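One structure is given below, encoded as structure tokens.
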Amino acid sequence: MSNQSVYRIIRELTDIQKNTDLSIAVACRDSDVRNVKALIIGPPETPYEFGFFDFSVKFPEDYPEKAPSVTAKTTNGGRCRFNPNIYAGGKVCLSILGTWRGERGEEWSSAQGLESILISIQSLMSSNPYENEPGFENANADDDKKAQAHYAAKIRHESLRISIVQRLEDYLNIHSDGVVDDFPPLEEYGEARTEYDDVEPPPPPFEPFKDLCKRRFLWYYESYVLSVEEAEKTVKANQNFVIMPFEGGGNTMPGKFNYPELRRRLQLIHKVLFREIEYWAREGAMQVRKETTMASMLERQHQQLVETYRKNDVVTLDIELLDRNPYVWLLTYFGRPMTNLDGGMFRIKISISPRFPDEQPRVIFETKMFHHRISKDGVLCYFPKRQDELKSHIEAIIEAIEDTEPPYDPRTLVNPEASKLYWGSADDKKQYNRQLRRAVQRSME
């Protein structure tokens, strides 16, 4: 592969990684830029909503003159066809990839790139994927409308089961019978991986989106539960999926609905993710006892930020360490005067992983707050400009809760009830402000 081709791929990957698009992520090993992993998060208000869909991308030697090859990996081991254009075997049918005949001008050109490919794949994940099947684009007879609903219903179920639940269970070592493996004993963990150990541990598997999916699960947990509740109104447990007229030959989506079981599994994943946060604190305390470089660095950052906000005349923020553990920061935020938060006092916990910044902090509001960017269980949706800098995280936390004119983006709506009011009618917005003010008043009680 020519240097020009490599530089082009690196530039495209960098551009996507710097982009603010919340639906697409890419990664590769430093030693092999031609083989890329891509993640597409299912678009809101579709059967794929907030699902995690993996694709592998392989660039040819003569890229960008020729298109890369793309293979779908979220297929339940080759047993699930999530879309008429995304086969159970992994084939992705797109004219831009040369895997499907398209209209003139839709074929690949060197002016296109990886981002345009991923956006094209994402566009297949529509609210009515039935119409993606050739010959069914304009099928609107009564039987077709019933089939469209049946098709969307089973995609919604399998998006939850396969792309979300199975994936998170695998990350968290949750078995099919609900048994959860314990986190590694801290003594054993510390002995196996001290700073002075000459034996290198085996490299971990390449899972570049593991932490992203965990964070997004916490963001979207309530949306997942609401999706289950809505679906239970229309299907019964153990009801068979309806086979579509274009499915067959192993390229299908067979199965049965079982939303009560999905609800149980979602709840368990949610609990284990919060247990993981508690485990980080214990890991951090051990790192302090071992006087690691990371622990010392976090202590210095804490001291610097305490001094920074002591001199800040605009934002009133206290920052302390829980039990002198630099991996657990407690913020006390005082609402700014002349805003809806005026008079409020909110306690926020920032839990930092010993593997920061590869694993990003978890930010939980311990003081209840009614806000469209804060989930009912206190998880904050925020975006630091620099993920490797805690100062940037704190600035982003403040910006998220104080922003009075945020752009509408359904991928940031972690509190469906608050979001519906905030972006609803004028009366809805008044109701939102009233509930927010009540939360402010309660914070002082």
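The values are calculated or read from the model by the stated rules, or taken from the named source; none is laboratory data. Values in this document were obtained by computation on a predicted structure and should not be read as measured data. Cβ atoms come from the backbone with ideal geometry, glycine included; neighbour counts cover every protein chain shown. Each accessible area value is taken on the protein alone, full model and side chains, heavy atoms only, with ligands, DNA and RNA left out. Shrake-Rupley method; radii C 1.70, N 1.55, O 1.52, S 1.80 Å.
Quick one: which of TYR333, TYR309 is in a helix (DSSP H, G or I), in contact with a strand residue (DSSP E or B) (Cβ under 6 Å, 6 or more places away or on another chain) and hydroxyl-bearing (Ser, Thr, Tyr)?
Selected residue: TYR309, the only one of TYR333, TYR309 that is in a helix (DSSP H, G or I), in contact with a strand residue (DSSP E or B) (Cβ under 6 Å, 6 or more places away or on another chain) and hydroxyl-bearing (Ser, Thr, Tyr).
In this structure, is LEU118 at pLDDT 95 or above and within 27 Å of SER227 (Cβ to Cβ)?
Numbers: at pLDDT 95 or above: yes; within 27 Å of SER227 (Cβ to Cβ): yes.
Answer is yes for this residue.
Listed here are the residues, each with its yes/no results for (1) in contact with a strand residue (DSSP E or B) (Cβ under 8 Å, 6 or more places away or on another chain); (2) outside any loop (DSSP other than H, G, I, E, B); (3) open to solvent by less than 60 Å² (accessible area, probe 1.4 Å).
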| position | (1), (2), (3) |
| --- | --- |
| PRO208 | yes, no, yes |
| LYS214 | no, yes, yes |
| PHE217 | no, yes, yes |
| GLU222 | no, yes, yes |
| GLU229 | no, yes, no |
| ILE277 | yes, yes, yes |
| TRP280 | yes, yes, yes |
| GLY284 | yes, yes, yes |
| GLN287 | yes, yes, yes |
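Taking helices (runs of 4 or more DSSP H) that fall entirely within segment 359-445, which contain at least 2 residues that are hydrophobic (A, V, I, L, M, F, W, C) and over 25 Å from GLU49 (Cβ atoms)?
On the way: elements: 390-402, 416-422, 426-443.
Correct list: 390-402, 426-443.
Among residues belonging to segment 305-327 that are in contact (Cβ under 8 Å) with a residue 60 or more places away in the chain and either among the hydrophobic types (A, V, I, L, M, F, W, C) or open to solvent by 80 Å² or more (accessible area, probe 1.4 Å) (or both), point out the one that is farthest from GLY344 (Cα to Cα).
Checked segment 305-327; the qualifying residue farthest from GLY344 (Cα to Cα) is LEU305.
How many of the residues making up segment 370-391 are under 22 Å from GLU359 (Cα atoms), open to solvent by less than 10 Å² (accessible area, probe 1.4 Å) and over 18 Å from the mean Cα position of the chain (by Cα)?
The number of residues fulfilling the criteria is 1.
Please list, ordered by first then second residue, the pairs with beta carbon atoms under 7 Å, 6 or more apart or interchain, first in segment 64-77 and closer than 17 Å to LEU39 by Cα, second open to solvent by less than 50 Å² (accessible area, probe 1.4 Å) and among the small types (Gly, Ala, Ser).
THR71/SER56; THR71/GLY90; ALA72/GLY90; LYS73/SER56; LYS73/GLY90; THR74/SER163; THR75/ALA88; THR75/GLY90
Could you tell me which residue of segment 93-118 is most open to solvent (accessible area, probe 1.4 Å), considering only residues that are closer than 20 Å to VAL33 by Cα and not in a loop (DSSP other than H, G, I, E, B)?
Within segment 93-118, the first condition is being closer than 20 Å to VAL33 by Cα, and the residues that meet it are 97, 110-118.
Now narrow it down to the ones that are not in a loop (DSSP other than H, G, I, E, B): 97, 114-118.
Working: LEU97: 25, LEU114: 1, GLU115: 64, SER116: 41, ILE117: 0, LEU118: 0 Å².
Ranking the qualifying residues of segment 93-118, first place goes to GLU115.
Which residue is modelled with the lowest pLDDT, if the candidates are limited to segment 393-412 and must be over 25 Å from ILE41 (Cα atoms) and not charged (D, E, K, R)?
Taking the candidates together, the pick is THR404.
Looking at (1) open to solvent by 20 Å² or more (accessible area, probe 1.4 Å); (2) in contact (Cβ under 8 Å) with a residue 12 or more places away in the chain, which is the one condition that is false for PRO361?
That leaves (1) as the condition not met.
For the structure I just gave you, tell me whether LEU22 is touching a residue at least 24 places away in the same chain (Cβ under 8 Å) and surrounded by 18 or more Cβ atoms within 10 Å (Cβ to Cβ). Explain how you work it out, then say what you get.
Working: touching a residue at least 24 places away in the same chain (Cβ under 8 Å): yes; surrounded by 18 or more Cβ atoms within 10 Å (Cβ to Cβ): no.
No; evaluated as a whole, the condition is false for this residue.
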